[in-house]
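To keep things clear, I will list the structure first and then write my remarks on it.
Please treat every number below as a calculation from the coordinates, not as lab data. Predicted model only: the values in this text are computed from it and were never measured. Every residue, glycine as well, gets a Cβ built from its backbone with ideal geometry; the counts of neighbours run over all protein chains shown.
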Amino acid sequence: MSSIGKKASFMSNGDGHSGNSGGTPKKGPSGRSYKTKAGLTKKPKKMRGRKLSSQRWLTRQLNDPFVSQTHERGLRSRAAIKLEQMDDKHHFLRPHMKIVDLGCAPGGWLQIISKRCRLDAGIGCLVGIDLLETEAVAGSYILQGDIHDPLMLEEIKSHLEGKADIVLSDMAAATTGHRPTDHLRTMGLLEIAIDFADEVLADGGVFLAKAFRGGADKSLLGLLNERFEKVKHLKPAASRVESVETYLLASGYLRSEKAEQARD
Ligand SMILES: C[S@@+](CC[C@H](N)C(=O)[O-])C[C@H]1O[C@@H](n2cnc3c(N)ncnc32)[C@H](O)[C@@H]1O
């Protein structure tokens, strides 16, 4: 543990999390399945006194098959399913890789990575960071802190011991309700993630990050195109159609001038 209000934990084997990424299927926290037998839209029972936005959110949660899948499989987040779907199609997670997961709480992506990269064997390495406390999974170091803090970035590098094969970022800024502000703040996080990937990726490495559809991402897309052989936009099925969220998958990292200078 370090002295600047952040925390690190390491777990070398075992599940290391409250959930279960592949074991006995579980029901939701209430003990019931969210699907209706007849395929009808389920309505929450206690709607009175709730705001309309909260009623809509609850109805959507109850009828979302990925929410029920998350509970049944003991995954810590619905986001885990998005990562799984993207990897099923593009196969970027491989056994014993060195991986950085930026914005890792509550740890759904960590669960998928630990399992697919077989990190419980003690080979490979997974370093996660988030503002929030996150329970470790097998083979992971978890840091609690802000990605804007250069000391945190140094700490990630020290745990990596060498170059990373893949840098993932699912970071999203806390929403203010003002869409342009939220957009800019999340794109700011993406920019930091790209710069960090530029410092730590091995040649041929992969970068996968959450982005928002919209104007500000064009310049960032330019940066990725300069530094990687291929860049693709992904929209996994579990990412809601109405959401502006999208993912950028950049593969075949080519050393950038900036990274070369840092090495000299
Ligand atoms: C969508 S969640 C990530 C979900 C995660 N991939 C999972 O599967 O559980 C986005 C995360 O980004 C984190 N985040 C936002 N800004 C951050 C920052 N400046 N530094 C570190 N983490 C940050 C948030 O705390 C939040 O937990």
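Structural remarks
- FRET efficiency for the pair residue 89 and residue 218, taken as 1/(1 + (r/R0)^6) with r the Cβ-Cβ distance and R0 = 22 Å, rounds to 0.35.
- Computed about the Cα centre, the dipole magnitude for region 176-235 is approximately 480 debye when only Lys and Arg (+1) and Asp and Glu (-1) carry charge, each at its Cβ.
- FRET E, pair residue 232, residue 173, Förster distance 22 Å, beta-carbon r, rounded to 0.05: 0.40
- Each residue, residue 203 and residue 59, gets one label point 7 Å from its Cα in the Cβ direction; the gap between the two is 5.7 nm.
- Counting charges near residue 116 (Lys, Arg +1; Asp, Glu -1) among other residues having Cβ under 12 Å from its Cβ returns a value of -1.
- Relative to the compact-globule estimate of 2.2 N^0.38 Å, the Cα radius of gyration of region 62-181 comes out at 1.09.
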